[in-house]
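The values are calculated or read from the model by the stated rules, or taken from the named source; none is laboratory data. Please read all numbers here as calculations on a predicted model, not as lab measurements. A quick note on method: Cβ atoms are made from the backbone with ideal geometry, for glycine too, and the neighbour counts reach across all protein chains shown.
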Amino acid sequence: MTADQNVSTGGLGTAVVIGASIAGSSAAAALSSRFAKVIVIDRDTLPAEPTKRRGVPHSGQFHILSAGGRLDLEKLFPGLTEDLTAAGVPYADPTAVFQYGSKFGWFPRHSSDMRILLGTRRYLEWYLRGRAGKLGNVSYLQRTPAKGLVIEDGRAVGVEVQDLDTKELRVIRGDLIVDASGRPSIAPDWFAAAGYAKPVETVINARWGYATTYVRVPEGWDPGWSAFYVGPTVNGEGYAATRGASMWRQEDNLMVVTAQGCAGDLPPSDVDGFLDFISSFGSTEFRDLIEQYGRVSDIEAWQNTSNRLRDWSKLEERPENFVVVGDAAAAFNPIYGQGMTVAARSARTLESSLTDFLLDAAPEASLDGFAERFQNDLQKVIEPSWMFSTTSDYGIPGVEIDGVTLDSVKSPESEYADRVIALATEDESISLKFMETINMVRSTEWLGDEELRDRVLADWDRLGNLRRTDVPTNA
Ligand SMILES: Cc1cc2nc3c(=O)[nH]c(=O)nc-3n(C[C@H](O)[C@H](O)[C@H](O)COP(=O)(O)OP(=O)(O)OC[C@H]3O[C@@H](n4cnc5c(N)ncnc54)[C@H](O)[C@@H]3O)c2cc1C
């Protein structure tokens, strides 16, 4: 069932969703077909326009929605692609329009069936909230932070909230409580306060940082690409080893320009430092663009980029009727562009797990057992993305694992995956599979293909040292 469809609910009363961002609005759309009422609460004032807001301080940073994520959101919000393209959000084949510089050199440009939307994150989030809010049974309560989880007889039965205008505390009761409050989620503390064990938490931090600004280009401006990305070479020399940048075209002829550094080499937010940073690793394109057209925003830095997994699936005991989705469950290093897709998939998993659960349950049954079942289903969605981000980050010098600093832990798998990336710079069919994988429409299974493995092993040293400097010109 999808947004815009108001259907009979199968007898479930109220769902309360904490957080009105990507995961929260997606979850609201997914639950609206099953619950009579869905109440989404947020601590922020929710803007009527697609502007920045306090509760999502990272929304000004570069955000790319994968091709797979677009398809997931389209299922929850049919017509999303059409609406966003009509609003001027660029829509393109990433393999054709991306000038993609991997750590082994430029990828070839070709064509594929994938399509991505290159809009700003604040526009996407605003759009999703608007769509979910138009469903007859979904309502948003702004300036209403969740302060605690109300648990009675082993079941979550409500959320204690504060009205920021009156300062009054009250309880919003619900039959299912969904935590979509992002990285700041304090649900583990709520569990501890109620005498439950907290979920096991794993933090892997390769000390990446961003600094972002925006440029407005003239109508019709066409440099032959829509997106330009240069990643750190990691094993390379000088600044190129730890620095890179990205830029691409968004709605309103905006170009987002983001400097990225890893291993603690963090881009600064002062103008001179930023300009020096984006011209220090061998590419002139980023600085040239800013100097030619000027900035239309300040430069904002962001450094909270660790991968953080709270495993809500492996709990001996839990209150019933409480589930965790989106960044609150698993937050990824944003450089790999997976968070919004996993948030959308969390919502779709909520929908499918609930459907399966209700099919299996006796008609009079409660939701007892659903929370555990859902978190197990969600963990299967999270795991491949977690493996992808963390395997890459393990190889970065000084990576911190649960607070312990290591030189880097290059595993045989990451050494092998690196060489496949090197091969992709030379072979379109490998490049396509890699791009499909980072766009989350293909699993990583193909990496185990025997023929590919033999090819990589036979060429191990050359691929490991490859540095292609020739730039692909066109699709
Ligand atoms: C710098 C950066 C760049 C990123 N780039 C990408 C990218 O390129 N591609 C991609 O797919 N993902 C990217 N991500 C990840 C992406 O932003 C998130 O995965 C995605 O937004 C899903 O977030 P969410 O809805 O779970 O949480 P959030 O977007 O963090 O939203 C949480 C919401 O909960 C509210 N809230 C918090 N606490 C409370 C409370 N107690 N009571 C009520 N409300 C509360 C907040 O106000 C907010 O509205 C990036 C992240 C960062 C930090």
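Of all residues being at positive phi and surrounded by fewer than 21 Cβ atoms within 10 Å (Cβ to Cβ) in segment 159-200, which is farthest from the ligand (Cβ to nearest atom)? Just the residue, please. Show your work before the answer.
Taking segment 159-200 first, the residues at positive phi are 167, 182, 195.
Right, trim to surrounded by fewer than 21 Cβ atoms within 10 Å (Cβ to Cβ) and you get 167, 195.
Working: 167: 15, 195: 21 Å.
Here the answer is 195.
Test residue 332 against the criterion of being more than 14 Å from the ligand (Cβ to nearest atom) and not basic (Lys, Arg), and give yes or no.
no
Among the residues of segment 374-401, which ones are among the aromatic types (Phe, Trp, Tyr) and touching a Gly at 6+ places or on another chain (Cβ under 7 Å)?
The answer is none; no residue qualifies.
Yes or no, residue by residue, for (1) at pLDDT 95 or above; (2) out of contact with any Ser or Thr (no Cβ under 7 Å at 6 or more places or on another chain); (3) basic (Lys, Arg); (4) more than 24 Å from residue 22 (Cα to Cα):
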site	(1), (2), (3), (4)
323	yes, yes, no, no
326	yes, no, no, no
331	yes, yes, no, no
365	no, yes, no, yes
387	no, yes, no, no
394	no, no, no, yes
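Any idea which of 273, 220 is surrounded by fewer than 18 Cβ atoms within 10 Å (Cβ to Cβ), without any contact (Cβ under 8 Å) to a residue 24 or more places away in the chain and part of a helix (DSSP H, G or I)? Working first, answer last.
Details: 220 fails: part of a helix (DSSP H, G or I).
Only one candidate passes the filter, namely 273.
Give segment 288-321 a look and list any residue that's among the basic types (Lys, Arg) and under 21 Å from residue 257 (Cα atoms), or say none.
295
I'd like the residue in segment 190-231 that is charged (D, E, K, R) and out of contact with any Gly (no Cβ under 9 Å at 6 or more places or on another chain) and, out of all such residues, is nearest to residue 406 (Cα to Cα).
The extreme case among them is 201.
Can you run down the residue pairs with Cβ atoms below 8 Å, 6 or more apart or on separate chains, where the first is in segment 376-397 and closer than 13 Å to residue 331 by Cα and the partner is of a type in the set (Phe, Trp, Tyr) and assigned to a helix (DSSP H, G or I)?
From residues that are closer than 13 Å to residue 331 by Cα, the pairs are 385/336; 388/336; 389/336.
Which one is surrounded by the fewest Cβ atoms within 10 Å (Cβ to Cβ), of the residues in segment 121-137 that are more than 11 Å from the ligand (Cβ to nearest atom) and under 24 Å from the mean Cα position of the chain (by Cα)?
Step by step, filter segment 121-137, then rank; the result is 130.
Just to be sure before I move on: is residue 347 touching a strand residue (DSSP E or B) at 6+ places or on another chain (Cβ under 6 Å), within 30 Å of residue 153 (Cβ to Cβ) and touching a residue at least 24 places away in the same chain (Cβ under 8 Å) in the structure I sent?
It is false that residue 347 is touching a strand residue (DSSP E or B) at 6+ places or on another chain (Cβ under 6 Å), within 30 Å of residue 153 (Cβ to Cβ) and touching a residue at least 24 places away in the same chain (Cβ under 8 Å).
Identify, please: which residue in segment 338-388 is among the hydroxyl-bearing types (Ser, Thr, Tyr), in a helix (DSSP H, G or I) and surrounded by fewer than 17 Cβ atoms within 10 Å (Cβ to Cβ) and is, among those, nearest to the ligand (Cβ to nearest atom)?
The selected residue is 352.
Where residues in segment 10-59 are among the acidic types (Asp, Glu) and within 13 Å of the ligand (Cβ to nearest atom), which of them is surrounded by the most Cβ atoms within 10 Å (Cβ to Cβ)?
Taking segment 10-59 as the starting set, the residues that turn out to be among the acidic types (Asp, Glu) are 42, 44, 49.
Still in the running and within 13 Å of the ligand (Cβ to nearest atom): 42, 44.
Numbers: 42: 25, 44: 17.
In this case the residue turns out to be 42.
Restricted to segment 138-155, and to residues that are in a strand (DSSP E or B) and away from the ligand (no atom under 12 Å from the Cβ), which residue is surrounded by the most Cβ atoms within 10 Å (Cβ to Cβ)?
138
When only residues in segment 10-27 that are over 16 Å from residue 322 (Cβ atoms) and touching a strand residue (DSSP E or B) at 6+ places or on another chain (Cβ under 9 Å) count, which is modelled with the lowest pLDDT? Working first, answer last.
From segment 10-27, those over 16 Å from residue 322 (Cβ atoms) are 10-11, 20-22, 25-26; that's our starting set.
From what is left, the residues that are touching a strand residue (DSSP E or B) at 6+ places or on another chain (Cβ under 9 Å) are 10-11, 20, 25.
Details: 10: 55, 11: 73, 20: 98, 25: 98.
Within segment 10-27, the match that is modelled with the lowest pLDDT is 10.
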